[in-house]
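Trainee: Below you'll find the structure I mean.
The values are calculated or read from the model by the stated rules, or taken from the named source; none is laboratory data. In this text the structure is predicted, and so the values were computed from the model without any measurement. Cβ coordinates were reconstructed from backbone atoms using ideal geometry, including for glycine residues, and neighbour counts include every protein chain displayed. Surface areas here come from the heavy atoms of the whole protein model, side chains and all, with no ligands, DNA or RNA. Shrake-Rupley method; radii C 1.70, N 1.55, O 1.52, S 1.80 Å.
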Amino acid sequence: MIKFKNVNKWFGSLHVLNDINLQVSAGEVVVVCGPSGSGKSTLIRCINRLERIQKGELFVDGMPLHDSTINLTKLRAEIGFVFQQFHLYPHLSVLENVTLAPIHVRKMKKKEAEALAMEKLERVGLADKATAHPEQLSGGQQQRVAIARGLAMSPKILLFDEPTSALDPEMIGEVLAVMVKLAQEGMTMCVVTHEMGFARQVAHRVIFMDEGKIIETGKPDQFFDNPQSDRAAMFISKILKH
Amino acid sequence: MQIFPFFLKGLWMTVLISGASLILGTLLGFLLGMLRSRKNRLVNPLIGFFVDVMRGTPFIVQVFIVFFIFPEFGIQLEAFTAAVLAMTIMGSAFICEIVTAGILAVPKGQWEASSSSGLNILQQLRFVILPQAMKTILPPLVGQYVLLIKDSSVVSAIGVVELTRVGWLTVVRIPEGLMVFSLVGALYFAISYPLIRISNSLERKLTVNRVSL
Ligand SMILES: Nc1ncnc2c1ncn2[C@@H]1O[C@H](COP(=O)(O)OP(=O)(O)OP(=O)(O)O)[C@@H](O)[C@H]1O
Ligand SMILES: [Mg+2]
């Protein structure tokens, strides 16, 4: 589904992605973790080409992202992205947030798109908020709407960039619960997060990054209980303290 | 000659020229502003240079160029057309800057979220970016309209019989100069004042909104 082959990327002289090799198959849930600035966001933002790679090859759903002639909007329609800061459309209602892309990208009829959106809102437990505006919702609710907005495009892949980091602690659980359900239903997911509980519960693989490199890959329990590298061990002991 | 109908004709001409160039200038200005906000390395400096030239030269000189110099290149325009054209071009430059600033004030995450869900650039602008940018754009845009309407008095210099020209033509015939130009001023004010009020109240409403977000 996703295949990084010797991928490199620089921001100016900063080498943010250093020879990344990674393969994610359909239905797999991969958690990416690592210290701040290690390139986690950049890595998953390359998957829907919010960032461009400069060297190497990257295939997503069969499309070569290193090729600049591909149809970007078509690629992105198949990949959902959930941001740390939600980025709901503040001028639209919850329902309109979710129906916007189905109507204009999938060319659905408004009624059809609304039925679909209600179904997705139901799934994240927010059907009763359909007519509300984003600023009337709590952070956790906004993030769940953002997930519903992604789901409404029936994506083949869902990407999450620290989806719970901007939330108050008491709201983290409700968002993770939705993500766990998606993972168990077989969604292909790449999740940048430090939520160890989530990783242990549903991740097939944990990827540890530092300074633009993938340092370690492993099953969650093996990675957290018995890390192979010192850097990973140090990182895990730090997140355990929180 | 009846003074009052003459003034009404001048007022009508001012409204016509301003109205036509406001509409055309707004369309052109939004187009340029949207292009400029893309920050394309080729297009952006070109538009930037155009805007700087328009802002850095007196409007009356621009009007003269359109009316007296364009014909030398085979573009012969009537005074009315030349006036509308000059005002449209000048207005579009200022409106371009307002629109660009408005678009750039929309958080980057809105572009990322909308492009991530597969919207193309035009759909992003239309459904996500511009509706939010309008909050920033509207107050200065309406303020710009007021400036443009007042600047339309400049086209009297190429013989368009609008409000200011009517004042000139009248004052050489009757002795009450103060009365004549007070009337001219009052009529300009009558058009501008509602717009000033609109601009002020938009500013108030939209800033209050933003604080409450
Ligand atoms: N647009 C950009 N221009 C220049 N440098 C950037 C840009 N985006 C990120 N960087 C830098 O690239 C490095 C990797 O950034 P990235 O956001 O991928 O890290 P991260 O692992 O997601 O960190 P965090 O946990 O803080 O989110 C950082 O040093 C960051 O400062
Ligand atoms: Mg990050």
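Trainee: Going through the range B:51-78 one residue at a time, which ones are open to solvent by less than 60 Å² (accessible area, probe 1.4 Å) and either farther than 21 Å from B:K150 by Cα or touching a residue at least 60 places away in the same chain (Cβ under 8 Å) (or both)?
Mentor: Those that are open to solvent by less than 60 Å² (accessible area, probe 1.4 Å) and either farther than 21 Å from B:K150 by Cα or touching a residue at least 60 places away in the same chain (Cβ under 8 Å) (or both): B:F59, B:V63, B:F67, B:F70, B:P71, B:L77.
Trainee: Show me the helices (runs of 4 or more DSSP H) found entirely inside the range A:1-106 where at least 3 residues are modelled with pLDDT under 95 and touching a Gly at 6+ places or on another chain (Cβ under 9 Å).
Mentor: A:72-77
Trainee: Scan the range B:103-121 and give yes if some residue there is open to solvent by 60 Å² or more (accessible area, probe 1.4 Å), within 14 Å of chain A (Cβ to nearest Cβ) and of a type in the set (V, I, T), otherwise no.
Mentor: Yes: one or more hits.
Trainee: Same structure, new question: Cβ-Cβ below 8 Å, separation at least six or inter-chain, first residue in the range A:81-95 and at the interface with another protein chain (Cβ under 7 Å from one of its Cβ atoms) and touching a residue at least 12 places away in the same chain (Cβ under 8 Å), second within 16 Å of ligand 2 (Cβ to nearest atom) and assigned to a loop (DSSP other than H, G, I, E, B): which pairs?
Mentor: A:F81/A:N48; A:F81/A:L50; A:F83/A:P163; A:Q85/A:A166
Trainee: List every residue pair whose Cβ atoms lie under 8 Å apart, where the two residues are 6 or more positions apart in sequence or sit on different chains, the first residue falls within the range A:35-56 and is closer than 14 Å to A:W10 by Cα, and the second residue, located anywhere, is open to solvent by 40 Å² or more (accessible area, probe 1.4 Å) and β-branched (V, I, T).
Mentor: none
Trainee: I need the full set of residues from the range A:200-228 which are closer than 19 Å to A:Q184 by Cα and part of a loop (DSSP other than H, G, I, E, B), in order please.
Mentor: A:A203, A:H204, A:K219
Trainee: A further question follows. Please tell me if B:I69 is more than 22 Å from the chain's Cα centre (by Cα) and not in a helix (DSSP H, G or I).
Mentor: Against the criterion (more than 22 Å from the chain's Cα centre (by Cα) and not in a helix (DSSP H, G or I)), B:I69 does not qualify.
Results for (1) free of Cβ contacts under 8 Å to residues at least 60 places away in the same chain; (2) more than 16 Å from ligand 1 (Cβ to nearest atom); (3) in contact with a strand residue (DSSP E or B) (Cβ under 8 Å, 6 or more places away or on another chain); (4) not basic (K, R), shown as yes or no for each residue.
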{"residue": "A:G139", "(1), (2), (3), (4)": "yes, yes, no, yes"}
{"residue": "A:A148", "(1), (2), (3), (4)": "yes, yes, no, yes"}
{"residue": "A:M179", "(1), (2), (3), (4)": "yes, yes, yes, yes"}
{"residue": "A:Q184", "(1), (2), (3), (4)": "yes, yes, no, yes"}
{"residue": "A:R200", "(1), (2), (3), (4)": "yes, yes, no, no"}
{"residue": "A:G212", "(1), (2), (3), (4)": "no, no, yes, yes"}
{"residue": "A:M234", "(1), (2), (3), (4)": "yes, no, no, yes"}
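Trainee: Could you look through the range B:149-163, keep only residues that are in contact (Cβ under 8 Å) with a residue 40 or more places away in the chain and surrounded by 23 or more Cβ atoms within 10 Å (Cβ to Cβ), and pick out the one that is nearest to B:I60 (Cα to Cα)?
Mentor: Restricting to residues being in contact (Cβ under 8 Å) with a residue 40 or more places away in the chain and surrounded by 23 or more Cβ atoms within 10 Å (Cβ to Cβ), the top hit is B:V155.
Trainee: Quick check on the range A:40-60. Is at least one of its residues closer than 17 Å to A:M209 by Cβ, out of contact with any helix residue (DSSP H, G or I) (no Cβ under 9 Å at 6 or more places or on another chain) and hydroxyl-bearing (S, T, Y)?
Mentor: yes
Trainee: Among the residues of the range A:77-93, how many are open to solvent by 30 Å² or more (accessible area, probe 1.4 Å) and touching a helix residue (DSSP H, G or I) at 6+ places or on another chain (Cβ under 8 Å)?
Mentor: Number satisfying all stated conditions: 4.
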